[in-house]
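Asks: Just dropping this structure here.
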Amino acid sequence: MLALGIDPGTAICGYGVVNLEGSHLKALDYGAIQTSSKMSTEDRLAIIHHEIDVIIKKYKPDIMGVEMLFFNKNVRTAITVAQARGVILLAAAQNSVKLTEFTPLQVKQAVVGYGNATKEQVIYMTQRLLNLPSKPHPDDVADALAVAICTTHCSNIRQELVCTNLLEKNNNRAHLKARLGIKSNSENKVWGNKI
């Protein structure tokens, strides 16, 4: 499964393309789309849309994961991130890419196993899970790779099961096995790990 993870932003929009084959994760491409604050908003959004469209056309991901907007006290920042998310979602729709969205807590839970993990822990686990030679930089790129990892994990489970339900259960494997009706054997996999 090929997943494109996006950490939306207007100044820096991180992206990561991750392939899951069996239980092996591999980063195929990652980076950041950067725009200048001196540019008009519409030009910045046009660049983000164009670059995401190019990435989608180049890799043809099976699924795209986008981090949901985290509301903070800075309304201006929230609005610009929402605008960037809009053009990103538009690019996915125009290319008929299946889309899923995750909160930062869900991404941390899927990558680190703990929803309140620090940014350093997420970067460390992302580097380890993808066997990267160095830490992804800037942080937006690490976040996008983490979203891609989360997307592969949550999309690898039966379609009827919503990822949020899994993450709210703190990765309790016994609960997952019971809920999914999975019998323990080496053939069953949840999130790429043998149960």
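The values are calculated or read from the model by the stated rules, or taken from the named source; none is laboratory data. No experiment lies behind these values; they were computed from the predicted model shown. Virtual Cβ from ideal backbone geometry, glycine too; neighbours counted across all protein chains shown.
Asks: Counting only residues that are modelled with pLDDT of 95 or more and part of a loop (DSSP other than H, G, I, E, B), how many does region 115-130 have?
Replies: 0
Asks: Right, something else. Can you find a residue in region 151-161 that is modelled with pLDDT under 95, within 28 Å of D53 (Cβ to Cβ) and not in a helix (DSSP H, G or I)?
Replies: yes
Asks: Select from region 109-125 the residues that are farther than 28 Å from S37 by Cβ and touching a residue at least 24 places away in the same chain (Cβ under 8 Å) and list them in ascending order.
Replies: Q109, A110, V111, G113, G115, listed by residue number.
Asks: Hey, can you tell me all the residues within region 32-50 that are charged (D, E, K, R) and buried (at least 18 other Cβ atoms within 10 Å of the Cβ)?
Replies: If we filter region 32-50 for residues that are charged (D, E, K, R), which is where we start, we get 38, 42-44.
Within region 32-50, just R44 meets the criteria.
Asks: What tally of residues in region 53-75 results from selecting those that are over 17 Å from the mean Cα position of the chain (by Cα) and modelled with pLDDT of 95 or more?
Replies: Number of matching residues: 3.
Asks: Sticking with this one: Output the residues belonging to region 1-49 that are free of Cβ contacts under 8 Å to residues at least 60 places away in the same chain and among the β-branched types (V, I, T).
Replies: I33, T35, T41, I47, I48
Asks: Among the candidates V87, V75, which residue alone is β-branched (V, I, T) and over 17 Å from Y15 (Cβ atoms)?
Replies: When all the criteria are applied, what remains is V75.
Asks: Another question about this same structure. Of these, A92, A146, A178, which one is over 18 Å from A27 (Cα atoms), at pLDDT 95 or above and aliphatic (A, V, I, L, M)?
Replies: Criteria check complete, one pass: A92.
Asks: Here's a follow-up. A84: part of a helix (DSSP H, G or I) and in contact (Cβ under 8 Å) with a residue 12 or more places away in the chain, yes or no?
Replies: Yes: the conditions hold for A84.
Asks: Only one of (1) crowded, with 19+ Cβ neighbours inside 10 Å; (2) under 19 Å from L132 (Cβ atoms) fails for A84. Which number is that?
Replies: Checking A84 against (1) crowded, with 19+ Cβ neighbours inside 10 Å; (2) under 19 Å from L132 (Cβ atoms), the one that fails is (2).
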